[in-house]
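Engineer: Structure below; questions to follow.
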Amino acid sequence: MKQVKLSILVISYNQEDYILRALEGAAIQQTNFPIEWVIADDFSSDKTPDLIKDFCLRNSIAFTILETNRNLGMGWNYQRGFEA
């Protein structure tokens, strides 16, 4: 039987005022199965990417951050996160 795994997808773009609350809300969920975090940042020009990395490292969260060198827009950013 395959083990269940929860995938948490977070998309972000210039969310430095809100991103920590979103991450904290997901991180407090309790499960008895593995969780994978996929975070797709859409070329934020503020502190969002740094806040995400610091949060994940501080909380020992296994994560994948998808970065890009240009703004893709919400739809494309979500799609690449979902595919990951």
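Engineer: Counting only residues 5 or more places away or on other chains, whose amide H sits under 5 Å from the amide H of Q15 once H atoms are built in the peptide plane?
Structural biologist: Those qualifying (amide H under 5 Å, at least 5 residues apart or on another chain) are T48.
Engineer: Next question. Just need the relative contact order of the chain here, percent rounded to a whole number, with Cα pairs under 8 Å and 6+ apart.
Structural biologist: That works out to 37 percent.
Engineer: Something else now. Please find the FRET efficiency linking W76 to S45, where r is the Cβ-Cβ separation and R0 is fixed at 22 Å, and quote it to the nearest 0.05.
Structural biologist: Step by step, r from the Cβ atoms, then E = 0.80.
Engineer: Please give the calculated 222 nm ellipticity per residue for the chain, where each DSSP H segment of at least 4 residues contributes -39500 (n - 2.57) and the sum is spread over every residue; nearest 500 deg cm²/dmol?
Structural biologist: -10500 deg cm²/dmol
Engineer: I would also like to ask the following. Any aspartates and glutamates with Cα under 17 Å of the K2 Cα? List them, leaving off those in the same chain fewer than 8 positions away.
Structural biologist: E36
Engineer: Same structure, new question: Compute a Gaussian network model of the chain, connecting alpha carbons closer than 10 Å, and tell me which residue from T48, T64, T31 fluctuates the most.
Structural biologist: Looking only at T48, T64, T31, the biggest GNM fluctuation is shown by T31.
Engineer: Round to the nearest 10 and give me the degree value, 0 to 90, for the angle of helix 74-83's Cα axis relative to the longest principal axis of the chain.
Structural biologist: With rounding to tens, the tilt is 30 degrees.
Engineer: Which of the trypsin sites (Lys or Arg not before Pro) found in segment 50-84 are in a DSSP loop and have at most 16 neighbouring Cβ atoms, other than their own, within 10 Å?
Structural biologist: R70
Engineer: Per 0.36 nm of contour for each residue apart, how much would the distance between L9 and F33 grow if the chain were fully extended, relative to their Cα-Cα spacing?
Structural biologist: Length gained between L9 and F33: 7.0 nm.
Engineer: Can you tell me the 0 to 90 degree angle between the C-alpha axis of helix 48-58 and the longest principal axis of the chain, rounded to 10?
Structural biologist: 30 degrees
Engineer: Continuing with this model, one more query. Per residue Cα convex hull volume for the chain, in cubic angstrom?
Structural biologist: Convex hull of Cα atoms, per residue: 92 Å³.
Engineer: Would you please name the chymotrypsin sites (Phe, Trp or Tyr not before Pro) within segment 22-84 that are DSSP coil residues with at most 16 other C-beta atoms within 10 Å of their C-beta?
Structural biologist: Within segment 22-84, the qualifying chymotrypsin sites (Phe, Trp or Tyr not before Pro) (loop, at most 16 other Cβ atoms within 10 Å) are F43.
Readers should treat all values here as calculations from the given coordinates under stated rules, not as data from a laboratory. Being a predicted model, the structure only gives us computed values, none of them experimental. When we count neighbours, we look across all protein chains shown, and the Cβ atoms used for this are built from the backbone with ideal geometry, even at glycine.
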